Amino acid sequence: MARGFSVTSLPGFAAIAITSFVLLYAPILTMVIYSFNASESVALWGGFSLRWYTAAWENTQVQEATIRSLVIAVSAALISTTVATMAALGTTRRGRFKGQTLIYVMINQPLMVPEIVTAVALLIFFAAIKVATGYTGLAYLVLAHSAFCVPFAYLPIRARLEGMDLALETAAADLYATPWQTFRRVTLPLMGPGIAAGAMLAFVISLDDVIITEFVKSAGQDTLPTYMLGQLRRAVTPEVNAISTALLALTVILLTAFFLLTRRRD
């Protein structure tokens, strides 16, 4: 009887897999360990300490940048998820139509175009608006992050809709439910996990963004990632490791929740 092919049986598979994981996660593990370093050096271990977490917690610039990052990320997640939900409904709850592929391409454009190109385009676009209106507030960052996060929210929502049984909505219509009642009582509850997953993914992408933020922000509008970038240009201290570890922990928690919401069930 012929044996089935398995990639794990190839010579060197285990060694390559282990090497890949070490290269991916050893730097992250090192950063986490050295975030508890008592020394002011990022390379020399001086004993275990929480001094850099305390320093970051008491740093007013870090506090302001954190609050600003959270405000932008939450706003961008809400806006992009709302837009993505409407786009997913419009492209999945109907038959195929002319131009459907083009719409998919346009929605996912930020994923295909280099982020630096999107950042430069937003810089030019918002610069013209700033000159015309004189407004330089956070709304530009919120809109920029929202536009960039739409495809990240769209993909899990669309996947959830495509996996839903249309018979449930058809049954609701047969029972004389209006389109709004069908959406509110059948479609929306079933979409819930996909919407939540899309919102969390959009939140994480916005919270971690550097390139678009660096191009669009005005003076005094540093987010946590751009603040850290600025610190790295001046003097590197384990405080940056502590902030990075805190961001990593938040990202891991949200991505774990994203995985639990989107995994396939029997």
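Summary table below
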quantity	calculated
Packing rank of 35-44, 107-116, where each peptide gets the mean count of other beta carbons within 10 Å, highest leading	35-44, 107-116
Listed values [x] 52; [y] 56; [z] 67, entry calculated as percent of Cα pairs over 22 Å apart	[z]
Local net charge near D222, Cβ-Cβ under 14 Å (Lys/Arg +1, Asp/Glu -1)	+1
Kyte-Doolittle at least -0.5, axis length at least 27 Å by Cα - qualifying DSSP helices, the chain	13-34, 60-92, 139-162, 188-208, 238-262
Cβ-placed point charges (K, R +1; D, E -1), dipole of segment 54-262 about Cα centre in debye, nearest 20	560 debye
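Readers should treat all values here as calculations from the given coordinates under stated rules, not as data from a laboratory. Everything numeric in this text was worked out from a predicted model, so none of it was measured. Note that we place each Cβ from the backbone using ideal geometry, even for glycine, and neighbour counts take in every protein chain shown.
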